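Input: a single structure, listed below in C-alpha cells.
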Amino acid sequence: MTGTGAPMAPGPRGLTTTGADGFAERMQEHRRELHVHCYRMLGSFDDAEDLVQETFLRAWRGRGTLREESGLRAWLYRIATNVCLDHLRAHPRHPQPRPAPAIEADPGLEPPVSGAVPWLQPYPDTLLDAAEEVVDRETIELAFLVAIQHLPPRQRAVLILRDVLGWSAQETAVSLELTVAAVKSALQRARPVLREHLPARRLDWTAPAKSVPEDQAVLRRYVEALEKADPSALAEVLRADVWQTMPPAPIWLLGRTAFLASWTPAMVGPEAWGDWRVVATRANRQPAAAAYLRRPGETVFSPSWMGVLRVEDGLVTQITTYGDGVFPRFGLPSSL
C-alpha cells in the first residue's frame, strides 16, 4: 500500500522532482488534488495512487505538447481524467446486488436502492486538507461516492468536471474530446441517477456542509458507548433506521435492533471479544472511529476496525466499517 501521504516521484523509471526546467516539480504541486480527482472517479484510494503515477508519466512524456495558455493544472486534470477512463475501460466494475442481510433487517425498513461498492475505500481528512483544491464534504462523503459509482464512467467524468470542479461545458468538452451538446446531454442523464442513489434524506448533495462540532459530539457519545461496552448508550446515538455496510465484504445491517443484535455479543456477555479503546479521527469529511481490541490475556490493544459515520440531526444514520488495513493510511498507532 502506497497511500501514506509521503512525497513520491511522479513516476517510475527514475523520473525525479527536478529537471526539464522544474517541470516535474511543478507537477508535484498538483499531486494531492489530482489524487482526490482520481479517487472520486474510482472510489479506491489505492487505485487513485497508481493512476496519479500514470498521469505524471504521461504528462512527462507529452510535456512538449503543453500549451502554457491552457495552464498546467487544467492539462493535468485532462490527462488524469482520461487515465481514469482508460483504467475503467480496461477494468470495468459495477455496483453489485446485495445479498441477504447478515441479521434480519428491522421490520418496515427497506435497504437503499444502491448496489454494493466493495472497492470503496476511505480517504483521510489530513490528506484532503493538503489538496490545493478545497475539498467540500458534499463532494467527497462516502454516500456521494457510492452514488456516482452507479454512473457510466464518461457520465461520471462529466458530472465531476462540471458539478464538482465547476468547469464550463466547453472546457469539459475539450478535456473529454466531446461536443458541448454531448457534455450537456451526459450531465442531464447523470443528475437523476445521482439523486436516485443518494440517501433519502440527502438528495440535495450541494447543500452546505454540516456542523463539525455537532458531528464530533455524536462521535464522542459513540466512542464512550463502545469503550464502556454499554449497548443502551449505543442505542441512544443510533437512528432507528441506521444502516451499516462493511466493504469489501458483502455484509450489511439495517435498523437499530439488527445493529445491536450483531454488535452486543462482541461487547458484553460470555462471548465478548475483550476490552475496547477507540480513537477519534476523520475520513471523507465525516467523523470516524478507529477501534482497538485487547483480548482476554493480552496486555495491549491491537487494531480491529474503523467505522466512518454519517450523522443527521444528532444521530448516527450510517456506518461504513473497514478492517484494520486502513489504519496506517490514517497515521494511527499499531497498538495502544
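Checking every one of the GluC sites (Glu not before Pro) in the range 250-336 against DSSP loop status and a limit of 14 other Cβ atoms within 10 Å picks out 271, 298.
Rounded to the nearest 0.05, the FRET efficiency derived from the C-beta distance between residue 227 and residue 109 at R0 = 25 Å is 0.35.
Computed from the C-beta positions of residue 132 and residue 195, the FRET efficiency with R₀ = 41 Å rounds to 0.90. Loop-located GluC sites (Glu not before Pro) in the range 84-150 (DSSP state other than H, G, I, E, B) with a sparse environment of at most 15 neighbouring Cβ atoms within 10 Å: 104, 132. For the range 108-114, backbone phi angles converted through the Karplus equation (6.51, -1.76, 1.60; θ = phi - 60°) give residue-by-residue couplings of x, 9, 10, x, x, 6, 5 Hz, Gly and Pro being listed as x.
For the chain, the longest principal axis of the Cα atoms and the long axis of helix 31-42 meet at an angle of about 70 degrees.
Annotation: amide H-H contacts under 5 Å for residue 116 (H modelled 1.01 Å from N, sequence separation of 5 or more, or interchain): 96, 98.
For residue 318, the residues whose amide H sits under 5 Å from its own are 243, 310, ignoring neighbours fewer than 5 places away on the same chain, with H placed 1.01 Å from N. Full extension of the segment from residue 216 to residue 94, taken as 0.36 nm per residue of separation minus the current Cα-Cα distance, would add 40.6 nm.
Quote to one decimal, in nm, the extra length available between residue 66 and residue 262 on full extension: 0.36 nm per residue of separation minus the C-alpha distance between them.
On the way: separation 196, 0.36 × 196 = 70.56 nm, distance 5.57 nm.
Length gained, residue 66 through residue 262: 65.0 nm.
With K and R counted +1 and D and E -1, the other residues having a Cβ less than 10 Å from that of residue 109 yield a net charge of -2.
Most exposed first by the Cβ proxy, i.e. fewest other Cβ within 10 Å, how do 251, 148, 79 rank? Numbers along the way, then the final one.
Working: 251 17, 148 25, 79 20.
Lowest count first: 251, 79, 148.
Potential lengthening of the chain between residue 188 and residue 240 amounts to 15.3 nm, from the contour at 0.36 nm per residue minus the alpha-carbon distance. Given in Å, the Rg to one decimal and the Dmax to the nearest whole number for the Cα atoms of the chain are 21.3, 69. Dipole magnitude for the chain: computed about the Cα centre from +1 point charges on Lys and Arg Cβ and -1 point charges on Asp and Glu Cβ, it is near 740 debye. With kT/(6 pi eta Rh) evaluated at 25 °C and eta = 0.890 mPa s, and Rh the Kirkwood radius from Cα pairs, the range 50-165 diffuses with a coefficient of 145 µm²/s according to Stokes-Einstein.
A helix-only calculation puts the chain at -12000 deg cm²/dmol for mean residue ellipticity at 222 nm, using -39500 (n - 2.57) for each DSSP H run of at least four residues, averaged over all residues.
None of the figures in this text is laboratory data; all of them are computed from the coordinates on show. As the structure is a computational prediction, the values presented were derived from the model and not from experiment. Methodologically, a virtual Cβ is constructed for each residue, glycine included, from the backbone with ideal geometry; neighbour enumeration extends over all protein chains shown.
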